[in-house]
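The structure appears below as C-alpha coordinates.
The values are calculated or read from the model by the stated rules, or taken from the named source; none is laboratory data. Since we're looking at a predicted model, the values are computed, not measured. Positions of Cβ are generated from backbone atoms using ideal geometry, with glycine treated the same way; all protein chains shown enter the neighbour counts.
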Amino acid sequence: MNGASKSFKLVVLIMILFASFQGLAKSENDENKEVDTKDEVTEYILHHIKDAHDFHLFSYTSGEGERKHVGFPLPIILWTSNGLTTFMSSEFHHNDDGHVIVEKNGLKFAKIHSKIYELESGASEVSFDDGHHATNASKVLDLSITKSVFGVLLVGLLMFLAFSSLARQYKKKQIPTGFGRVLEPLVIYVRDEIARPNIGEKKYRRFTGYLLTVFFFIWILNLLGLTPLGFNVTGQLAVTAALAIFTLVIYTVSGNKDYWMHILWMPGVPILIRPVLAVIELAGALLIKPFSLLVRLFANISAGHIVVMSLIAIMFTLKESLTVGGATALSLLLSFFITLIEVLVAFLQAYIFTMLSALFIGMAVEEHDHH
Amino acid sequence: METLLNDFSPGLFIVQTILLLGLIFLMVKFAWKPILNSLNERESGIQDALEAAENAKKEMQNLQADNDKLLKEARAEREAMLKEAREIKDKMISDSKEQAKVEADKMIQQAQAVIEGEKKAAVADIKNQVANLSVEIAEKVIKEQLSNKDQQLKLVDDMLGDIKLN
(Lines give C-alpha, C1' and ligand atoms only; values in the text may rest on other atoms or scores of the structure.)
Protein backbone atom coordinates (compact mmCIF):
# COMPACT_ATOMS: atom_id res chain seq x y z
CA MET A 1 0.00 0.00 0.00
CA ASN A 2 2.76 2.37 1.02
CA GLY A 3 4.87 1.41 -1.95
CA ALA A 4 1.91 1.87 -4.26
CA SER A 5 1.16 5.36 -2.95
CA LYS A 6 4.84 6.25 -3.24
CA SER A 7 5.03 5.18 -6.84
CA PHE A 8 1.77 7.04 -7.47
CA LYS A 9 3.31 10.22 -6.08
CA LEU A 10 6.34 9.64 -8.28
CA VAL A 11 4.17 9.34 -11.37
CA VAL A 12 2.30 12.52 -10.45
CA LEU A 13 5.55 14.42 -9.94
CA ILE A 14 6.96 13.23 -13.25
CA MET A 15 3.72 14.25 -14.94
CA ILE A 16 4.00 17.69 -13.35
CA LEU A 17 7.55 17.99 -14.58
CA PHE A 18 6.63 16.94 -18.09
CA ALA A 19 3.72 19.32 -18.14
CA SER A 20 5.94 22.21 -17.05
CA PHE A 21 8.47 21.20 -19.65
CA GLN A 22 5.79 21.27 -22.31
CA GLY A 23 4.51 24.59 -21.15
CA LEU A 24 7.97 26.06 -21.26
CA ALA A 25 8.93 24.54 -24.55
CA LYS A 26 5.89 25.65 -26.40
CA SER A 27 5.21 28.96 -24.75
CA GLU A 28 5.64 32.12 -26.68
CA ASN A 29 7.86 34.92 -25.61
CA ASP A 30 6.83 37.84 -27.67
CA GLU A 31 4.21 36.81 -30.09
CA ASN A 32 5.31 34.14 -32.42
CA LYS A 33 8.53 32.77 -31.04
CA GLU A 34 9.41 29.54 -29.33
CA VAL A 35 11.72 29.73 -26.35
CA ASP A 36 15.07 28.28 -27.23
CA THR A 37 18.05 30.45 -26.42
CA LYS A 38 19.46 31.40 -23.04
CA ASP A 39 18.23 34.98 -23.22
CA GLU A 40 14.77 33.85 -24.16
CA VAL A 41 14.75 31.37 -21.31
CA THR A 42 15.83 34.05 -18.83
CA GLU A 43 13.21 36.42 -20.11
CA TYR A 44 10.57 33.70 -20.05
CA ILE A 45 11.38 32.84 -16.44
CA LEU A 46 11.33 36.45 -15.33
CA HIS A 47 8.06 36.88 -17.18
CA HIS A 48 6.60 33.86 -15.41
CA ILE A 49 7.61 35.20 -12.01
CA LYS A 50 5.51 38.28 -12.66
CA ASP A 51 1.79 38.56 -12.48
CA ALA A 52 -0.13 38.13 -15.73
CA HIS A 53 -3.35 39.56 -17.07
CA ASP A 54 -4.55 36.45 -18.79
CA PHE A 55 -4.58 32.80 -17.80
CA HIS A 56 -2.18 31.24 -20.21
CA LEU A 57 -1.73 27.48 -20.13
CA PHE A 58 0.47 26.75 -23.15
CA SER A 59 1.05 27.66 -26.77
CA TYR A 60 1.92 25.59 -29.80
CA THR A 61 2.67 26.08 -33.47
CA SER A 62 -0.04 24.72 -35.70
CA GLY A 63 0.55 22.88 -38.97
CA GLU A 64 0.38 26.14 -40.92
CA GLY A 65 3.12 27.65 -38.77
CA GLU A 66 0.69 29.79 -36.82
CA ARG A 67 1.13 30.25 -33.04
CA LYS A 68 -1.89 29.11 -31.05
CA HIS A 69 -2.35 30.06 -27.40
CA VAL A 70 -4.36 27.92 -25.03
CA GLY A 71 -5.79 29.63 -21.96
CA PHE A 72 -8.51 32.11 -21.16
CA PRO A 73 -8.63 35.89 -20.79
CA LEU A 74 -9.25 37.60 -17.46
CA PRO A 75 -11.09 40.86 -16.85
CA ILE A 76 -9.02 44.03 -16.60
CA ILE A 77 -10.30 46.61 -14.15
CA LEU A 78 -8.52 49.97 -14.14
CA TRP A 79 -8.90 53.10 -12.10
CA THR A 80 -7.98 55.73 -14.71
CA SER A 81 -8.14 59.50 -14.99
CA ASN A 82 -11.63 58.98 -16.45
CA GLY A 83 -12.81 56.72 -13.67
CA LEU A 84 -13.37 52.97 -13.72
CA THR A 85 -12.61 51.19 -17.00
CA THR A 86 -13.06 47.51 -17.64
CA PHE A 87 -12.38 45.23 -20.60
CA MET A 88 -11.11 41.71 -21.21
CA SER A 89 -7.39 40.99 -21.40
CA SER A 90 -7.91 39.26 -24.75
CA GLU A 91 -8.03 42.71 -26.35
CA PHE A 92 -4.26 42.95 -25.96
CA HIS A 93 -3.87 39.78 -28.10
CA HIS A 94 -1.12 38.42 -25.83
CA ASN A 95 1.03 41.45 -26.63
CA ASP A 96 3.28 42.50 -23.79
CA ASP A 97 5.57 45.19 -25.23
CA GLY A 98 3.16 48.07 -25.71
CA HIS A 99 2.52 47.69 -29.43
CA VAL A 100 -1.14 46.87 -29.16
CA ILE A 101 -3.17 49.88 -28.09
CA VAL A 102 -6.62 49.36 -26.62
CA GLU A 103 -9.02 52.27 -26.71
CA LYS A 104 -11.64 52.34 -23.99
CA ASN A 105 -13.58 55.09 -22.28
CA GLY A 106 -11.84 57.70 -24.42
CA LEU A 107 -8.42 56.57 -23.23
CA LYS A 108 -5.67 54.51 -24.82
CA PHE A 109 -3.99 51.65 -22.94
CA ALA A 110 -0.93 49.58 -23.61
CA LYS A 111 0.52 46.57 -21.76
CA ILE A 112 4.27 46.64 -21.19
CA HIS A 113 5.90 43.84 -19.16
CA SER A 114 2.66 42.85 -17.47
CA LYS A 115 1.89 46.43 -16.46
CA ILE A 116 -0.89 48.47 -17.97
CA TYR A 117 -0.06 52.02 -19.04
CA GLU A 118 -2.40 54.83 -19.86
CA LEU A 119 -1.20 56.86 -22.85
CA GLU A 120 -1.13 60.61 -22.62
CA SER A 121 -3.86 62.32 -24.54
CA GLY A 122 -2.93 62.82 -28.18
CA ALA A 123 -0.41 59.98 -28.27
CA SER A 124 -1.27 57.15 -30.61
CA GLU A 125 1.55 54.78 -29.70
CA VAL A 126 4.00 54.30 -26.88
CA SER A 127 7.42 55.84 -27.30
CA PHE A 128 10.35 54.50 -25.28
CA ASP A 129 13.54 56.08 -24.06
CA ASP A 130 16.93 54.37 -24.07
CA GLY A 131 16.27 52.42 -20.87
CA HIS A 132 13.08 51.02 -22.43
CA HIS A 133 10.89 53.19 -20.20
CA ALA A 134 7.71 54.56 -21.66
CA THR A 135 7.96 58.35 -21.99
CA ASN A 136 4.42 59.28 -22.96
CA ALA A 137 2.48 56.84 -20.83
CA SER A 138 1.96 56.37 -17.10
CA LYS A 139 0.95 53.42 -14.94
CA VAL A 140 -2.64 53.25 -13.79
CA LEU A 141 -4.06 51.73 -10.65
CA ASP A 142 -4.64 48.22 -11.84
CA LEU A 143 -7.40 46.45 -9.91
CA SER A 144 -7.71 43.70 -12.51
CA ILE A 145 -8.56 40.13 -11.84
CA THR A 146 -5.03 39.13 -12.74
CA LYS A 147 -3.73 35.59 -12.65
CA SER A 148 -2.70 36.10 -9.02
CA VAL A 149 -6.08 37.51 -8.04
CA PHE A 150 -7.66 34.59 -9.86
CA GLY A 151 -5.45 32.27 -7.84
CA VAL A 152 -6.41 34.02 -4.62
CA LEU A 153 -10.08 33.73 -5.48
CA LEU A 154 -9.67 30.08 -6.42
CA VAL A 155 -7.82 29.21 -3.21
CA GLY A 156 -10.25 31.26 -1.14
CA LEU A 157 -13.14 29.37 -2.67
CA LEU A 158 -11.45 26.00 -2.18
CA MET A 159 -10.61 26.81 1.43
CA PHE A 160 -14.06 28.06 2.13
CA LEU A 161 -15.73 24.98 0.62
CA ALA A 162 -13.39 22.51 2.30
CA PHE A 163 -13.43 23.99 5.78
CA SER A 164 -17.07 25.04 5.91
CA SER A 165 -17.98 21.48 4.94
CA LEU A 166 -15.78 20.29 7.80
CA ALA A 167 -17.56 22.75 10.09
CA ARG A 168 -20.94 21.45 8.96
CA GLN A 169 -19.88 17.85 9.63
CA TYR A 170 -19.52 18.60 13.33
CA LYS A 171 -23.23 19.38 13.57
CA LYS A 172 -24.04 15.77 12.82
CA LYS A 173 -21.12 13.81 14.20
CA GLN A 174 -18.26 14.09 16.63
CA ILE A 175 -15.59 12.73 14.33
CA PRO A 176 -15.43 13.92 10.72
CA THR A 177 -15.29 11.46 7.85
CA GLY A 178 -13.83 11.64 4.37
CA PHE A 179 -11.73 14.67 3.47
CA GLY A 180 -12.57 16.32 6.78
CA ARG A 181 -10.55 13.64 8.51
CA VAL A 182 -7.50 14.95 6.67
CA LEU A 183 -8.26 18.59 7.41
CA GLU A 184 -8.99 18.21 11.11
CA PRO A 185 -5.45 17.21 12.16
CA LEU A 186 -4.09 20.14 10.16
CA VAL A 187 -6.37 22.54 12.01
CA ILE A 188 -5.39 20.97 15.32
CA TYR A 189 -1.74 21.17 14.30
CA VAL A 190 -1.92 24.92 13.66
CA ARG A 191 -3.86 25.48 16.86
CA ASP A 192 -1.70 23.32 19.13
CA GLU A 193 1.74 23.74 17.56
CA ILE A 194 1.62 27.32 16.32
CA ALA A 195 -1.07 29.37 18.04
CA ARG A 196 -1.12 27.89 21.54
CA PRO A 197 2.58 27.75 22.43
CA ASN A 198 3.43 31.14 20.93
CA ILE A 199 0.48 33.23 22.09
CA GLY A 200 -0.33 31.52 25.35
CA GLU A 201 -3.21 29.51 26.70
CA LYS A 202 -5.33 32.50 27.70
CA LYS A 203 -5.39 34.54 24.52
CA TYR A 204 -4.66 32.21 21.64
CA ARG A 205 -8.30 31.73 20.65
CA ARG A 206 -8.78 35.29 19.44
CA PHE A 207 -5.96 34.99 16.92
CA THR A 208 -6.31 31.36 15.85
CA GLY A 209 -8.78 32.24 13.08
CA TYR A 210 -6.33 34.61 11.46
CA LEU A 211 -3.41 32.22 11.83
CA LEU A 212 -5.38 29.30 10.38
CA THR A 213 -6.52 31.39 7.42
CA VAL A 214 -3.02 32.64 6.68
CA PHE A 215 -1.44 29.21 7.08
CA PHE A 216 -3.76 27.41 4.69
CA PHE A 217 -3.84 30.38 2.30
CA ILE A 218 -0.06 30.44 1.94
CA TRP A 219 0.38 26.70 1.92
CA ILE A 220 -2.23 25.98 -0.75
CA LEU A 221 -0.99 28.87 -2.90
CA ASN A 222 2.60 27.66 -2.55
CA LEU A 223 1.57 24.18 -3.64
CA LEU A 224 -0.52 25.58 -6.46
CA GLY A 225 2.61 27.41 -7.62
CA LEU A 226 4.31 24.03 -8.11
CA THR A 227 1.67 22.83 -10.56
CA PRO A 228 1.92 23.53 -14.28
CA LEU A 229 -0.87 26.07 -13.90
CA GLY A 230 2.00 28.44 -13.24
CA PHE A 231 0.61 30.48 -10.36
CA ASN A 232 3.14 32.58 -8.55
CA VAL A 233 0.87 34.26 -6.03
CA THR A 234 2.97 33.97 -2.88
CA GLY A 235 5.92 35.14 -4.96
CA GLN A 236 4.24 38.51 -5.57
CA LEU A 237 5.54 41.28 -3.35
CA ALA A 238 2.10 42.87 -3.17
CA VAL A 239 0.57 39.66 -1.81
CA THR A 240 3.23 38.98 0.79
CA ALA A 241 3.20 42.67 1.75
CA ALA A 242 -0.55 42.50 2.34
CA LEU A 243 -0.10 39.40 4.48
CA ALA A 244 2.73 40.94 6.49
CA ILE A 245 0.77 44.15 7.04
CA PHE A 246 -2.17 42.14 8.37
CA THR A 247 0.13 40.62 10.96
CA LEU A 248 1.60 44.05 11.72
CA VAL A 249 -1.84 45.58 12.22
CA ILE A 250 -2.98 42.71 14.42
CA TYR A 251 -0.04 42.76 16.81
CA THR A 252 0.10 46.55 16.88
CA VAL A 253 -3.60 46.88 17.68
CA SER A 254 -3.67 44.12 20.27
CA GLY A 255 -0.41 45.05 21.96
CA ASN A 256 -0.94 45.66 25.66
CA LYS A 257 0.55 48.24 28.01
CA ASP A 258 3.59 46.13 28.83
CA TYR A 259 4.37 45.70 25.16
CA TRP A 260 4.35 49.45 24.46
CA MET A 261 6.19 50.09 27.68
CA HIS A 262 8.98 47.79 26.57
CA ILE A 263 9.16 49.48 23.19
CA LEU A 264 8.93 53.13 24.18
CA TRP A 265 10.40 53.30 27.68
CA MET A 266 12.32 50.10 28.36
CA PRO A 267 12.35 49.45 32.08
CA GLY A 268 15.57 48.37 33.73
CA VAL A 269 18.01 50.32 31.58
CA PRO A 270 19.60 53.74 32.23
CA ILE A 271 17.33 56.67 31.37
CA LEU A 272 19.73 58.03 28.78
CA ILE A 273 19.71 54.83 26.77
CA ARG A 274 15.94 54.55 26.78
CA PRO A 275 15.20 56.94 23.87
CA VAL A 276 17.84 55.23 21.74
CA LEU A 277 16.33 51.86 22.53
CA ALA A 278 12.88 53.21 21.77
CA VAL A 279 13.94 54.18 18.26
CA ILE A 280 15.46 50.76 17.64
CA GLU A 281 12.48 48.95 19.15
CA LEU A 282 9.98 51.00 17.16
CA ALA A 283 11.84 50.33 13.93
CA GLY A 284 11.94 46.66 14.85
CA ALA A 285 8.26 46.42 15.64
CA LEU A 286 6.88 48.52 12.81
CA LEU A 287 9.36 47.95 9.98
CA ILE A 288 11.80 45.11 10.44
CA LYS A 289 9.35 42.46 11.62
CA PRO A 290 6.82 42.88 8.78
CA PHE A 291 9.62 43.43 6.27
CA SER A 292 11.30 40.19 7.25
CA LEU A 293 7.96 38.40 6.92
CA LEU A 294 7.17 39.75 3.49
CA VAL A 295 10.65 39.38 2.02
CA ARG A 296 11.17 35.86 3.38
CA LEU A 297 8.04 34.48 1.80
CA PHE A 298 8.46 36.41 -1.47
CA ALA A 299 12.12 35.50 -1.87
CA ASN A 300 11.74 31.83 -1.02
CA ILE A 301 8.86 31.22 -3.38
CA SER A 302 10.26 33.32 -6.23
CA ALA A 303 13.65 31.70 -5.88
CA GLY A 304 12.03 28.27 -5.87
CA HIS A 305 10.19 29.05 -9.11
CA ILE A 306 13.33 30.43 -10.74
CA VAL A 307 15.40 27.41 -9.72
CA VAL A 308 12.85 24.87 -10.89
CA MET A 309 12.34 26.60 -14.21
CA SER A 310 16.06 27.12 -14.72
CA LEU A 311 16.69 23.44 -14.15
CA ILE A 312 13.95 22.55 -16.60
CA ALA A 313 15.56 24.95 -19.04
CA ILE A 314 18.79 22.91 -18.95
CA MET A 315 17.07 20.90 -21.67
CA PHE A 316 17.53 23.80 -24.07
CA THR A 317 20.57 25.59 -22.77
CA LEU A 318 22.80 22.52 -22.52
CA LYS A 319 21.40 20.84 -25.60
CA GLU A 320 24.57 21.41 -27.60
CA SER A 321 27.11 20.27 -25.05
CA LEU A 322 25.21 17.29 -23.64
CA THR A 323 23.11 16.21 -26.64
CA VAL A 324 19.33 16.32 -26.42
CA GLY A 325 19.01 13.08 -24.46
CA GLY A 326 21.70 13.98 -21.93
CA ALA A 327 20.37 17.46 -21.33
CA THR A 328 16.84 16.15 -20.91
CA ALA A 329 17.93 13.45 -18.49
CA LEU A 330 20.00 15.86 -16.40
CA SER A 331 17.20 18.40 -16.41
CA LEU A 332 14.59 15.84 -15.35
CA LEU A 333 16.78 14.43 -12.59
CA LEU A 334 17.70 17.80 -11.09
CA SER A 335 14.27 19.39 -11.42
CA PHE A 336 12.70 16.28 -9.94
CA PHE A 337 14.71 16.60 -6.75
CA ILE A 338 14.34 20.36 -6.56
CA THR A 339 10.58 19.96 -6.97
CA LEU A 340 10.59 17.54 -4.05
CA ILE A 341 12.43 20.13 -1.98
CA GLU A 342 10.00 22.80 -3.16
CA VAL A 343 7.09 20.73 -1.85
CA LEU A 344 8.79 20.84 1.54
CA VAL A 345 9.54 24.55 1.18
CA ALA A 346 5.88 25.20 0.33
CA PHE A 347 4.90 23.84 3.73
CA LEU A 348 7.89 25.30 5.52
CA GLN A 349 7.29 28.85 4.38
CA ALA A 350 3.61 28.68 5.30
CA TYR A 351 4.65 27.31 8.70
CA ILE A 352 7.34 29.96 9.24
CA PHE A 353 5.09 32.84 8.27
CA THR A 354 2.29 31.65 10.55
CA MET A 355 4.69 30.75 13.32
CA LEU A 356 6.40 34.17 13.27
CA SER A 357 3.04 35.93 13.11
CA ALA A 358 1.97 33.97 16.17
CA LEU A 359 5.26 34.79 17.88
CA PHE A 360 4.91 38.52 17.21
CA ILE A 361 1.31 38.50 18.40
CA GLY A 362 2.37 36.50 21.44
CA MET A 363 5.06 39.05 22.29
CA ALA A 364 2.52 41.85 21.99
CA VAL A 365 -0.11 40.30 24.26
CA GLU A 366 2.22 38.58 26.73
CA GLU A 367 1.61 39.40 30.36
CA HIS A 368 4.83 40.14 32.18
CA ASP A 369 5.40 39.25 35.76
CA HIS A 370 6.29 42.36 37.67
CA HIS A 371 9.30 41.71 39.80
CA MET B 1 15.73 46.95 -5.87
CA GLU B 2 14.31 49.16 -8.60
CA THR B 3 12.96 46.13 -10.45
CA LEU B 4 11.43 44.91 -7.20
CA LEU B 5 9.72 48.21 -6.58
CA ASN B 6 8.67 48.32 -10.21
CA ASP B 7 7.19 44.85 -9.85
CA PHE B 8 5.22 45.87 -6.79
CA SER B 9 1.68 46.37 -8.00
CA PRO B 10 -0.38 48.69 -5.78
CA GLY B 11 -3.54 47.44 -7.47
CA LEU B 12 -2.74 43.84 -6.61
CA PHE B 13 -1.93 44.96 -3.07
CA ILE B 14 -5.34 46.62 -2.69
CA VAL B 15 -7.21 43.71 -4.23
CA GLN B 16 -5.27 41.21 -2.13
CA THR B 17 -5.94 43.19 1.05
CA ILE B 18 -9.66 43.32 0.36
CA LEU B 19 -9.84 39.66 -0.62
CA LEU B 20 -7.78 38.57 2.37
CA LEU B 21 -9.95 40.60 4.70
CA GLY B 22 -13.05 39.00 3.19
CA LEU B 23 -11.50 35.55 3.34
CA ILE B 24 -10.49 35.94 6.97
CA PHE B 25 -13.96 37.16 7.87
CA LEU B 26 -15.74 34.36 5.99
CA MET B 27 -13.39 31.66 7.25
CA VAL B 28 -13.67 32.80 10.86
CA LYS B 29 -17.44 33.01 10.71
CA PHE B 30 -18.26 29.88 8.73
CA ALA B 31 -15.30 27.60 9.31
CA TRP B 32 -12.87 28.30 12.12
CA LYS B 33 -15.33 29.30 14.81
CA PRO B 34 -17.61 26.28 14.46
CA ILE B 35 -14.63 23.95 13.94
CA LEU B 36 -12.70 25.23 16.95
CA ASN B 37 -15.83 25.25 19.11
CA SER B 38 -16.62 21.67 18.15
CA LEU B 39 -13.04 20.62 18.74
CA ASN B 40 -13.05 22.26 22.16
CA GLU B 41 -16.38 20.70 23.01
CA ARG B 42 -15.14 17.32 21.94
CA GLU B 43 -11.90 17.72 23.86
CA SER B 44 -13.66 18.79 27.03
CA GLY B 45 -16.08 15.91 26.51
CA ILE B 46 -13.18 13.50 26.33
CA GLN B 47 -11.61 15.15 29.37
CA ASP B 48 -14.87 14.81 31.30
CA ALA B 49 -15.25 11.20 30.27
CA LEU B 50 -11.72 10.45 31.39
CA GLU B 51 -12.31 12.15 34.69
CA ALA B 52 -15.57 10.29 35.17
CA ALA B 53 -13.80 7.02 34.45
CA GLU B 54 -11.09 7.95 36.95
CA ASN B 55 -13.73 8.80 39.56
CA ALA B 56 -15.57 5.56 38.90
CA LYS B 57 -12.31 3.71 39.37
CA LYS B 58 -11.68 5.49 42.67
CA GLU B 59 -15.22 4.80 43.83
CA MET B 60 -14.75 1.18 42.87
CA GLN B 61 -11.58 1.07 44.94
CA ASN B 62 -13.36 2.68 47.87
CA LEU B 63 -16.12 0.14 47.57
CA GLN B 64 -13.59 -2.64 47.47
CA ALA B 65 -11.90 -1.24 50.55
CA ASP B 66 -15.27 -0.99 52.32
CA ASN B 67 -16.03 -4.55 51.38
CA ASP B 68 -12.69 -5.70 52.68
CA LYS B 69 -13.26 -3.83 55.90
CA LEU B 70 -16.72 -5.33 56.32
CA LEU B 71 -15.37 -8.76 55.63
CA LYS B 72 -12.64 -8.28 58.18
CA GLU B 73 -15.12 -7.09 60.78
CA ALA B 74 -17.40 -10.01 60.09
CA ARG B 75 -14.52 -12.38 60.44
CA ALA B 76 -13.45 -10.80 63.71
CA GLU B 77 -17.02 -10.98 65.00
CA ARG B 78 -17.25 -14.61 64.07
CA GLU B 79 -13.96 -15.25 65.86
CA ALA B 80 -15.26 -13.50 68.92
CA MET B 81 -18.52 -15.38 68.87
CA LEU B 82 -16.76 -18.67 68.51
CA LYS B 83 -14.46 -17.83 71.34
CA GLU B 84 -17.35 -16.86 73.56
CA ALA B 85 -19.17 -20.04 72.72
CA ARG B 86 -16.14 -22.05 73.53
CA GLU B 87 -15.81 -20.28 76.85
CA ILE B 88 -19.46 -20.83 77.62
CA LYS B 89 -19.11 -24.47 76.73
CA ASP B 90 -16.07 -24.85 78.93
CA LYS B 91 -17.75 -23.06 81.74
CA MET B 92 -20.86 -25.19 81.41
CA ILE B 93 -18.80 -28.31 81.40
CA SER B 94 -16.81 -27.28 84.44
CA ASP B 95 -19.96 -26.09 86.20
CA SER B 96 -21.76 -29.30 85.60
CA LYS B 97 -18.71 -31.25 86.65
CA GLU B 98 -18.61 -29.42 89.92
CA GLN B 99 -22.28 -29.82 90.42
CA ALA B 100 -22.03 -33.51 89.67
CA LYS B 101 -19.18 -33.81 92.11
CA VAL B 102 -21.13 -32.02 94.79
CA GLU B 103 -24.12 -34.20 94.10
CA ALA B 104 -22.03 -37.31 94.14
CA ASP B 105 -20.36 -36.28 97.37
CA LYS B 106 -23.73 -35.67 98.84
CA MET B 107 -24.99 -39.02 97.67
CA ILE B 108 -21.85 -40.70 98.97
CA GLN B 109 -22.29 -39.02 102.32
CA GLN B 110 -25.90 -40.06 102.41
CA ALA B 111 -24.94 -43.57 101.47
CA GLN B 112 -22.23 -43.58 104.10
CA ALA B 113 -24.73 -42.31 106.67
CA VAL B 114 -27.19 -45.01 105.64
CA ILE B 115 -24.44 -47.60 105.76
CA GLU B 116 -23.37 -46.35 109.16
CA GLY B 117 -26.98 -46.51 110.33
CA GLU B 118 -27.36 -50.03 108.89
CA LYS B 119 -24.11 -51.05 110.48
CA LYS B 120 -25.16 -49.72 113.82
CA ALA B 121 -28.52 -51.45 113.49
CA ALA B 122 -26.81 -54.67 112.46
CA VAL B 123 -24.35 -54.48 115.36
CA ALA B 124 -27.23 -53.74 117.67
CA ASP B 125 -29.10 -56.69 116.25
CA ILE B 126 -26.08 -58.93 116.58
CA LYS B 127 -25.65 -57.74 120.11
CA ASN B 128 -29.27 -58.55 120.78
CA GLN B 129 -28.98 -61.96 119.13
CA VAL B 130 -25.72 -62.71 120.98
CA ALA B 131 -27.43 -61.69 124.18
CA ASN B 132 -30.44 -63.83 123.33
CA LEU B 133 -28.20 -66.74 122.27
CA SER B 134 -26.12 -66.34 125.38
CA VAL B 135 -29.26 -66.39 127.44
CA GLU B 136 -30.58 -69.44 125.53
CA ILE B 137 -27.22 -71.17 125.77
CA ALA B 138 -27.05 -70.40 129.39
CA GLU B 139 -30.55 -71.63 129.74
CA LYS B 140 -29.81 -74.91 127.86
CA VAL B 141 -26.48 -75.33 129.65
CA ILE B 142 -28.20 -74.86 132.87
CA LYS B 143 -30.92 -77.37 131.78
CA GLU B 144 -28.35 -79.99 130.56
CA GLN B 145 -26.18 -79.56 133.65
CA LEU B 146 -29.12 -80.42 135.37
CA SER B 147 -29.26 -83.92 133.70
CA ASN B 148 -25.90 -85.11 132.38
CA LYS B 149 -22.47 -83.79 132.60
CA ASP B 150 -21.35 -85.20 129.25
CA GLN B 151 -24.40 -84.10 127.58
CA GLN B 152 -23.95 -80.67 129.00
CA LEU B 153 -20.50 -80.38 127.39
CA LYS B 154 -21.78 -81.72 124.07
CA LEU B 155 -24.50 -79.18 124.17
CA VAL B 156 -22.07 -76.38 124.79
CA ASP B 157 -20.03 -77.53 121.77
CA ASP B 158 -23.11 -77.72 119.54
CA MET B 159 -24.19 -74.40 120.68
CA LEU B 160 -20.83 -72.94 119.89
CA GLY B 161 -20.95 -74.60 116.44
CA ASP B 162 -24.31 -72.99 115.82
CA ILE B 163 -22.97 -69.65 116.73
CA LYS B 164 -20.20 -70.11 114.16
CA LEU B 165 -22.80 -70.80 111.53
CA ASN B 166 -24.43 -67.61 112.33
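In segment A:136-152, of all residues being of a type in the set (S, T, N, Q) and assigned to a loop (DSSP other than H, G, I, E, B), the one that is modelled with the lowest pLDDT corresponds to A:ASN136. Of all the numbered requirements in (1) at pLDDT 95 or above; (2) at positive phi, A:THR323 misses one, and that requirement is (1).
Exactly one residue out of A:LEU143, A:LEU107 is within 18 Å of B:PHE8 (Cα to Cα) and either of a type in the set (A, V, I, L, M, F, W, C) or touching a Phe, Trp or Tyr at 6+ places or on another chain (Cβ under 9 Å) (or both), and it is A:LEU143. Of the numbered criteria (1) crowded, with 20+ Cβ neighbours inside 10 Å; (2) more than 26 Å from the chain's Cα centre (by Cα); (3) under 22 Å from A:LEU344 (Cα atoms), the one A:PRO176 fails is (3).
Of the strands (runs of 3 or more DSSP E) that lie entirely inside segment A:33-135, those containing 2 or more residues that are at pLDDT below 80 span A:54-61, A:67-73.
Residues checked against (1) free of Cβ contacts under 8 Å to residues at least 24 places away in the same chain; (2) among the aliphatic types (A, V, I, L, M); (3) surrounded by 20 or more Cβ atoms within 10 Å (Cβ to Cβ):
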{"site": "A:GLY304", "(1), (2), (3)": "no, no, yes"}
{"site": "A:MET309", "(1), (2), (3)": "no, yes, yes"}
{"site": "A:ILE312", "(1), (2), (3)": "no, yes, yes"}
{"site": "A:THR317", "(1), (2), (3)": "no, no, no"}
{"site": "A:GLY326", "(1), (2), (3)": "yes, no, no"}
{"site": "A:LEU333", "(1), (2), (3)": "yes, yes, no"}
{"site": "A:ILE338", "(1), (2), (3)": "no, yes, no"}
{"site": "A:PHE347", "(1), (2), (3)": "no, no, no"}
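Within segment A:359-367, the presence of at least one residue that is over 18 Å from the mean Cα position of the chain (by Cα) and loosely packed, with under 14 Cβ neighbours inside 10 Å is confirmed. Please work out which residue is surrounded by the fewest Cβ atoms within 10 Å (Cβ to Cβ), limiting yourself to segment B:1-38 and to residues that are within 7 Å of chain A (Cβ to nearest Cβ) and assigned to a loop (DSSP other than H, G, I, E, B). It comes out as B:PHE8. Of the residues contained in segment A:149-167, one or more are found to be more than 10 Å from every other protein chain (Cβ to nearest Cβ) and farther than 25 Å from A:VAL190 by Cα. In segment A:174-182, the count of residues that are within 11 Å of chain B (Cβ to nearest Cβ) and assigned to a helix (DSSP H, G or I) is one or more.
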